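Beneath this line is the structure, given in structure tokens, with notes to follow.
The values are calculated or read from the model by the stated rules, or taken from the named source; none is laboratory data. All figures in this text were calculated on a predicted structure; none of them were measured in a lab. Cβ sites come from the backbone with ideal geometry, for glycine too, and all protein chains shown count toward neighbours. We work out accessible area using only protein heavy atoms, side chains counted, and drop any ligands, DNA or RNA first. Shrake-Rupley method; radii C 1.70, N 1.55, O 1.52, S 1.80 Å.
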Amino acid sequence: MTQPLQLPPPGMRRVAVLGAGSWGTTFAKVLADGGSSVALWARRPELAREIRESRRNSDYLPGINLPRGIVASPRLEEVMFGAEQVYLSVPSQTLRENLRAVRELIPDGAIVVSLMKGLEMQTRHRMSEVILQELGGDPDRIAVVSGPNLALEIAKEQPTAAVVASRSLETAEEIARAATNPYFRSFVNTDVTGTEFGGVLKNLIAVAIGIVDGVGYGENTKASIITRGLVEMTDFAVAHGALPETMTGLAGLGDLIATCESPLSRNNTAGRLLGQGYAFREVIQQMNQTAEGLSSVAPVLELAEARGIGMPIVSQVAQVLAGTLNPRDIAPHLTTDDTPQGE
Ligand SMILES: NC(=O)C1=CN([C@@H]2O[C@H](COP(=O)(O)OP(=O)(O)OC[C@H]3O[C@@H](n4cnc5c(N)ncnc54)[C@H](O)[C@@H]3O)[C@@H](O)[C@H]2O)C=CC1
Ligand SMILES: O=C(CO)COP(=O)(O)O
């Protein structure tokens, strides 16, 4: 019979985190520092061993000591045993296959939480939609977490806020209680669509910012792209049922600022390489971590087109990725229309 990795004291919340990259490991620390007993699934046995024996994840979080409340294993059945909450932090394009591998092991009634910020390319679905399709069950037991959450800063315990969204406020509150500690504060809302799209869309604007940064353009260009980018994000998300206020909250504007400003952002970094003249193929070769924006451009533009939503900045990112637009030409094309228009 499968046993938990270590038996937590009676009454202590047991949670599982799937994915031991930079965000999964950091979120495991957030939860452990919030008082949970955390089982972390690492696909690679050598990484699980490093986390268990050295309390380090040196590839993804150099210099960070992980708390004792985290145990790591490459064995899904050990990690899932008795979990009351299951957090998912794998690359978005791999979520469906991972859910298929784990679904029989998820304890009945567990809340399933997406920490991811991508869309599935083939279906254009959000991560919470993929979770519901693969696991079935009660949509009120699904939640998503988003916000200005650069992993390494949080792993260094720099004060940060996030938002937990679920159709059920009670579920969001339960997750927010688990994901709160002296350096991390979780707010709640019930706008799952807006909270997820905020995380997906800001990645695309961060790629655009990286591109103009790589070209050498300055703060006016970047502020123009961030401001007009937020308009694009809001038009798109609201057309899909999001609340406009979500886009001015932590999962929208908050994350947009963090990702566009930080060299820690992989989306920003990928954009900078494109702006410096590297081809898409070369950028993919250089990135050793997940830059979700590169996979989300196409599905976002397809969804936008289906609803007649103009996304000039995201369209230009797609053209730079395809090699059909010189990165230097991105700025004059901030709008697609030469006639004056309202802001
Ligand atoms: N790193 C960050 O600051 C933040 C990341 N996120 C989101 O979290 C999600 C995960 O990103 P990161 O942890 O940053 O990525 P990462 O690139 O640091 O780690 C991804 C992890 O997934 C594993 N992996 C790769 N392919 C896999 C597969 N087929 N099956 C299972 N595992 C696989 C990798 O080995 C690695 O451990 C993304 O959607 C990202 O947008 C959200 C907030 C902050
Ligand atoms: O989502 C993030 C910060 O909130 C991380 O951004 P990157 O995926 O671009 O590193």
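Here's the picture: a label point sits 7 Å out from the Cα of Gln6 along the beta-carbon direction, and within the range 31-65 the residues with their amide nitrogen under 13 Å of it are 32-33, 36-40, 51-56. Close amide-amide hydrogen proximity is noted between Ala161 and Arg185, each under 5 Å apart and 5 or more residues distant or on a separate chain (H modeled in the peptide plane; Pro and chain starts excluded). A full extension of the chain between Arg307 and Thr94 corresponds to an added length of 74.0 nm, given 0.36 nm per residue minus the alpha carbon distance. Here the dipole of the chain is about 980 debye; that uses its Cα centre as origin and unit charges on the Cβ of Lys and Arg (positive) and Asp and Glu (negative).
In order along the range 227-232, phi translates into HN-Hα couplings of 5, 5, x, 5, 5, 4 Hz, rounded to whole numbers, per the Karplus curve 6.51 cos²θ - 1.76 cosθ + 1.60 with θ = phi - 60° and x for Gly and Pro.
Spin-label model, Thr190/Ala298: points 7 Å from Cα along the beta carbon direction are separated by 3.7 nm.
With 0.36 nm allotted per residue and the present C-alpha distance subtracted, the Arg68-Asp140 stretch has 22.8 nm of extension available.
Here's the picture: charge each Lys and Arg Cβ at +1 and each Asp and Glu Cβ at -1 in the chain, and of Ser54, Leu18, Val283 the one pushed furthest to the positive end of that dipole is Ser54.
A simple rule links phi to the HN-Hα coupling: the Karplus curve 6.51 cos²θ - 1.76 cosθ + 1.60 with θ = phi - 60°, which for the range 103-109 gives 4, 5, 9, 6, x, 3, x Hz, with x for Gly and Pro. If the segment from Phe280 to Asp329 were pulled out straight at 0.36 nm per residue, it would be longer than the present Cα-Cα gap by 16.0 nm.
Indicate the gyration tensor shape class of the range 143-222 (rounded, prolate or oblate), computed on the Cα atoms with a ≥ b ≥ c the square roots of the eigenvalues: a/c under 1.5 is rounded; otherwise a/b larger than b/c is prolate and the rest oblate. Judged from the Cα gyration tensor, the range 143-222 comes out oblate (a/c at least 1.5, b/c at or above a/b).
Quick check: the distance between the Cα centres of the range 57-98 and the range 149-185, to the nearest angstrom? The range 57-98 and the range 149-185 have Cα centres separated by 17 Å. Tell me, what ³J(HN,Hα) does each residue in the range 178-186 have, in order and in whole Hz, if you take phi through Karplus 6.51 cos²θ - 1.76 cosθ + 1.60 with θ = phi - 60° and put x for Gly and Pro? Karplus-based 3J(HN,Hα) across the range 178-186 equals 6, 9, 9, 7, x, 10, 9, 10, 9 Hz. Only lysines eight or more places from Lys117 in sequence, or on another chain, were considered; those with a Cα closer than 16 Å are Lys202.
Accessible area per residue for the chain is 43 Å², calculated with a 1.4 Å probe on protein heavy atoms, without ligands, DNA or RNA. Annotation for the range 260-343: trypsin sites (Lys or Arg not before Pro) lying in DSSP loop with at most 10 further Cβ atoms inside 10 Å of their Cβ are Arg307. By definition, a body whose alpha carbon gyration tensor gives a ≥ b ≥ c is prolate when a/c is 1.5 or more and a/b is larger than b/c, and the range 1-90 fits this prolate description. A straight line joining the Cα centroids of the range 252-269 and the range 199-234 runs 9 Å.
Restricting to the chain, what percent of DSSP beta bridges are antiparallel, rounded to 5? Restricted to the chain, the bridges split so that about 20 percent are antiparallel. Computed about the Cα centre, the dipole magnitude for the range 1-52 is approximately 80 debye when only Lys and Arg (+1) and Asp and Glu (-1) carry charge, each at its Cβ. Which one, Ile64, Gly137, Val188, is farthest towards the positive end of the dipole of the chain when Lys and Arg carry +1 and Asp and Glu -1 on their Cβ? Of Ile64, Gly137, Val188, it is Ile64. Sparsely packed loop sites in the range 26-96 (the trypsin sites (Lys or Arg not before Pro) outside DSSP H, G, I, E and B with at most 11 other Cβ atoms within 10 Å) comprise Arg68. Rounded to the nearest 20 debye, the dipole magnitude of the range 256-311 is 80 debye, with +1 charges on Lys and Arg beta carbons, -1 on Asp and Glu beta carbons, and the Cα centre as origin. Summarising the strand pairing of the range 1-111, around 0 percent of its internal DSSP beta bridges are antiparallel.
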